[in-house]
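Asker: Quick one: this structure, given as structure tokens, is what I'll be asking you about.
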Amino acid sequence: MTDGRALLELSNIVKRFPGVLALDRVSFDVRAGEVHALLGENGAGKSTLIKIISGVYQPDEGHINFSGNTVRFNTPAAAQNNGIATIYQELLLYPELSVAENIFMGHAPKTRFGTIDWRAMRSLAREQLASLDIYDLDVNQQVGSLSVGNRQRVEIAKALSQDARVLIMDEPTAALTGADVERLFRIVRLLRERGVGVIYISHRLEEIFELADRVTVLRDGACVGTSQVIDTTEDDLINRMVGRTIEDLYPKQLSRIGEPVLEIESLSRPPLTRNVSLTLRRGEILGLAGLVGSGRSELAQTLFGITPAQSGCIKVNGVECLIDSPAAAIKLGIAYVPEDRSTQGLIKPMSIRENISMAVLKEISNGNLINHLAERELAQKNINQFRIRTSGMEQKVEKLSGGNQQKVVLGKWMASAPDVLIMDEPTRGIDVGAKAEIHRTMSELACRGMAVLMISSELPEIMGMSDTIAVMREGRLVASFTRGDATQEQIAAAMMSGSRSESDEGLVDSNSTKGAAA
């Protein structure tokens, strides 16, 4: 545990880029044996600060003290040689190589003849994993065959094999399942007990209260406070990050809920869509809750024609329809914002303009020629409507923050003027300020008469934004609630209660969901 002395200390750090003051006299420290959380919206300066610590950038002003000495890390290798390791959200591993080879990449043990000592490397790799209480990984296994959680554990073992004394973890749980998150937390606590200083960056505030000892908040490149986690609250942290209270995160407007737009009856595509019936009405936000693997995303993909239903009925605006492809769904006025926006929702090397026009190229083209004036007008309209923070419509989408990328996906689909908007994990991986903007946009769309199906793993989001809440488990709809009647305890109980038998199939049917939506 921490002895109160700073292991790494940054004082009055200033970093400028052309036209931008990225860090404005930021002071920050981490102690041996503590987890120090670093919070802030996208663009607050977190990434710049950790790149200075890890030697990617050098500060324009200020100084860094490490283990009692003033230092300057001119390269990432210099930071690593001094015991500072960074685990980025995009893991830096070689998928074709084994676990052992990745752990000792660049510093493999050698024989007396100067060649790699493969036996010693495998033995040391096992010892390194065992030191983290990891006994279920085969050091000979190819890293590319591992789950994201296991690859992350290899990355941590790799960092510690170089005697890391400070470990920087950038959004480490963004792509992890619940079980992987718990394994990661155990490793972080183990490192803390061994005196390693951990800098922990996350948008998930509940993780901060579970893991961190202290928390520092950045806003607009400046430090707005450091405090003991035990002495602060979630509302206080949100207010420091974005200048808004927690109530402002869910700016739900009451909309007029009208006639049914999308009706599904006994829809099935086993194993994860089984006899599902529900009704989505104009002006309604229907929140779909459930654990990972409950079938929520699979239902969305079936409704959008990615994995067409094998049985059951889909009606759009009262007319029975066959949705056997995304093209068919789009023609019927259904839009789908997928869970993985990076690979399924956007073409990241392309510009904002090109991404936004993608769903309506036929409408803005004359034969085979795109009307670029119409395309630019459409892009600018959506940039303004969704408040996309960008240098211009020609900016590459890959250069945008997660929240602004999500707005581009929304802009792309709004250009097609859909009647139904399906949003799968609409705020995953984005900061609290961007979350509030996405929620505001969702609410405004519902008020204009759009029907929104929102899938989310976050119960506060489900409760804060939904008019009707439906719960899925094992591919079936198992419960539904009106906004006023739902509690977190009721929803969680429905999500996690025991398996139902085949004879129970259809227990929650269109009657219960239609009644809830009415």
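What follows is calculated from the coordinates using simple rules that are stated; it is not laboratory data. Quantities reported herein were computed from a predicted structural model and do not represent experimental measurements. Every residue, glycine among them, receives a Cβ derived from its backbone with ideal geometry; neighbour counts consider all protein chains shown.
Asker: Once phi is turned into θ = phi - 60°, what whole-Hz ³J(HN,Hα) does the Karplus curve with 6.51, -1.76 and 1.60 give for every residue of region 198-205, x standing for Gly and Pro?
Answerer: With coefficients 6.51, -1.76 and 1.60, one gets 10, 9, 10, 10, 7, 7, 8, 5 Hz.
Asker: Classify region 347-416: rounded, prolate or oblate, from the alpha-carbon gyration tensor (a ≥ b ≥ c, eigenvalue square roots; a/c under 1.5 rounded; otherwise prolate if a/b is larger than b/c)?
Answerer: Here region 347-416 falls in the prolate category.
Asker: If you don't mind, another one. So how much slack lies between Ser145 and Thr226, counting 0.36 nm per residue of separation and subtracting their Cα-Cα distance, in nm?
Answerer: Working it through step by step, the gained length comes to 25.1 nm.
Asker: Arrange Leu38, Leu21 by Cβ neighbour counts within 10 Å, fewest through most, would you?
Answerer: Leu21, Leu38
Asker: Something else now. Which shape class, rounded, prolate or oblate, goes with region 56-206 when its Cα gyration tensor gives a ≥ b ≥ c as root eigenvalues, a/c under 1.5 marks rounded, and past that a/b bigger than b/c marks prolate?
Answerer: Taking the square roots of the gyration eigenvalues as a ≥ b ≥ c, region 56-206 is oblate.
Asker: Please give me the summed charge of the neighbours of Ile383: other residues whose Cβ is under 14 Å from its Cβ, Lys and Arg +1, Asp and Glu -1.
Answerer: +2
Asker: What is the spread of the Cα atoms of region 439-497 along each of their three principal axes, largest first, in whole Å?
Answerer: 36, 21, 17
Asker: Counting Lys +1, Arg +1, Asp -1, Glu -1, what net charge surrounds Ile469 among other residues with beta carbon under 12 Å of its beta carbon?
Answerer: -3
Asker: Between Phe17 and Glu474, what length comes free when the chain is fully extended (0.36 nm per residue of separation minus the Cα-Cα distance, one decimal in nm)?
Answerer: 159.5 nm
Asker: Moving on. In region 331-431, which GluC sites (Glu not before Pro) fall in coil by DSSP and have 13 or fewer other Cβ atoms within 10 Å?
Answerer: Glu363, Glu394
Asker: Just for region 6-245, what percent of DSSP beta bridges are antiparallel, to the closest 5?
Answerer: About 60 percent, rounded to the nearest 5.
Asker: Among Leu278, Ile208, Ser255, whose Cα sits farthest toward the positive end of the charge dipole of region 207-284 (+1 at Cβ of Lys/Arg, -1 at Cβ of Asp/Glu, about the Cα centre)?
Answerer: Leu278
Asker: Could you tell me the distance between the Cα centroids of region 399-472 and region 1-52, to the nearest Å?
Answerer: So the separation of the two Cα centres works out to 32 Å.
Asker: Continuing with the same structure: Can you list residues whose amide H is under 5 Å from Ala37's amide H, if they're 5+ apart or on another chain and H is modeled 1.01 Å from N?
Answerer: So Ala37 has HN proximity to Tyr200, Asp213, Arg214, Val215, Thr216.
Asker: Run through region 12-109 and list the trypsin sites (Lys or Arg not before Pro) located in a DSSP loop whose Cβ has at most 16 other Cβ atoms within 10 Å.
Answerer: Filter output for region 12-109: Arg72.
Asker: Now for a separate question. Out of [x] 49, 37, 24; [y] 31, 30, 21; [z] 43, 27, 24, which label holds the value of semi-axes √(5λ) of the Cα gyration tensor in Å that was computed here?
Answerer: Here semi-axes √(5λ) of the Cα gyration tensor in Å agrees with entry [z].
Asker: Note down the net charge around Asp231, summing +1 for each Lys or Arg and -1 for each Asp or Glu among other residues with Cβ under 14 Å from its Cβ.
Answerer: Neighbourhood net charge equals -2.
Asker: Also, quick follow-up: Say each of Ala492 and Arg5 gets a label point 7 Å from the Cα, pointing the same way as Cα to Cβ; how far apart are those two points in nm?
Answerer: About 4.2 nm, to one decimal.
Asker: Can you list which of the trypsin sites (Lys or Arg not before Pro) found in region 409-455 are DSSP loop residues with at most 13 other C-beta atoms within 10 Å?
Answerer: Passing both the DSSP loop test and the Cβ count: Arg448.
Asker: Where both partners of a DSSP beta bridge lie in the chain, what percent of those bridges are antiparallel, to the nearest 5?
Answerer: Once the DSSP bridges in the chain are tallied, antiparallel ones form about 60 percent.
Asker: How many angstrom lie between the C-alpha centres of region 99-117 and region 160-239?
Answerer: Using only Cα atoms, the two centres lie 32 Å from each other.
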